[in-house]
1. Just to confirm, what accessible area per residue do you get for the chain at 1.4 Å probe, in whole Å²?
2. Measure nothing but the geometry: give the 0 to 90° angle between the long axis through the Cα atoms of 25-65 and the longest principal axis through the Cα atoms of the chain, rounded to 10°.
3. To the nearest 10 square angstrom, how much accessible area does Lys54 have with a 1.4 angstrom probe?
4. For the chain, give the percent of accessible area contributed by carbon and sulfur heavy atoms, probe 1.4 Å, rounded to a whole number.
5. Hey, what number do you get for the chain at 222 nm if only DSSP H runs of n ≥ 4 count, each worth -39500 (n - 2.57), divided across all residues, to the nearest 500?
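The values are calculated or read from the model by the stated rules, or taken from the named source; none is laboratory data. Worth saying up front: this structure is predicted, and the values here are computed from it rather than measured. What goes into the accessible areas is simple: the full protein's heavy atoms, side chains included, and nothing from ligands, DNA or RNA. Shrake-Rupley method; radii C 1.70, N 1.55, O 1.52, S 1.80 Å.
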Amino acid sequence: MPMANPVQFISQVRAEVGKIVWPTRREVVTTTIMVFIMATLASLFFFLVDLAIKAGISGVIHLVGS
């Protein structure tokens, strides 16, 4: 593929940038809130799984150690 003329390249870049559809402020706020909610739910889930694994291992150690 031959290298394009720099002026033509800049023109093509400007045309492509013009096609970008930027999110609205409301969309950004909504998706940000959703990310925070999902991160909170994921951290709660992994905390509970970790707690259950810890309890299970402690139980097994207690049974074997006695």
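1. With all protein chains present, the chain gives 99 Å² per residue.
2. The answer is roughly 30 degrees.
3. Roughly 130 Å² of Lys54 is accessible to a 1.4 Å probe.
4. Reported share for carbon and sulfur atoms: 75 percent.
5. It lands at -29000 deg cm²/dmol.
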